[in-house]
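Below: the structure, in structure tokens.
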Amino acid sequence: MIGLNGLINRYHGGAGIATSTENVAYTKRKMLCFKKKQKIAKMVARAIIDNFRKVFLVADHTKFGRNAMVRLGNITEIDALFTDQTLPSVLTEVINKYI
């Protein structure tokens, strides 16, 4: 009866207390506490950039040519870029100017 009333959820091998974020689709879930997540990401990135001798940017080709959800630093702070494909010539020129 408590399962029918939404007080617990049944799982393979048992049951658990229902939570407010359980079974929420990823597109909705990733927006929960979005501003707080952005703030944490910026603080962590800033701490990394400020406390290491070298800063490496590792990004696959899908990250280029679009806006980031969060700006974590400036291109002038990067010492090296590692990616999986050759960059378009326009991006190569910009990156070579600053790295």
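The values are calculated or read from the model by the stated rules, or taken from the named source; none is laboratory data. Predicted model only: the values in this text are computed from it and were never measured. Cβ sites come from the backbone with ideal geometry, for glycine too, and all protein chains shown count toward neighbours.
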Regarding PHE52, is this residue at pLDDT 90 or above and under 30 Å from ILE95 (Cβ atoms)?
yes
Hey, among the residues in region 43-70 that are charged (D, E, K, R) and in contact (Cβ under 8 Å) with a residue 24 or more places away in the chain, which one's surrounded by the most Cβ atoms within 10 Å (Cβ to Cβ)?
ARG46
Can you name the residue in region 82-97 that is among the hydrophobic types (A, V, I, L, M, F, W, C) and outside any loop (DSSP other than H, G, I, E, B) and, of all such residues, is modelled with the highest pLDDT?
PHE82
Count of region 57-81 residues which are in contact with a helix residue (DSSP H, G or I) (Cβ under 7 Å, 6 or more places away or on another chain) and part of a helix (DSSP H, G or I):
3
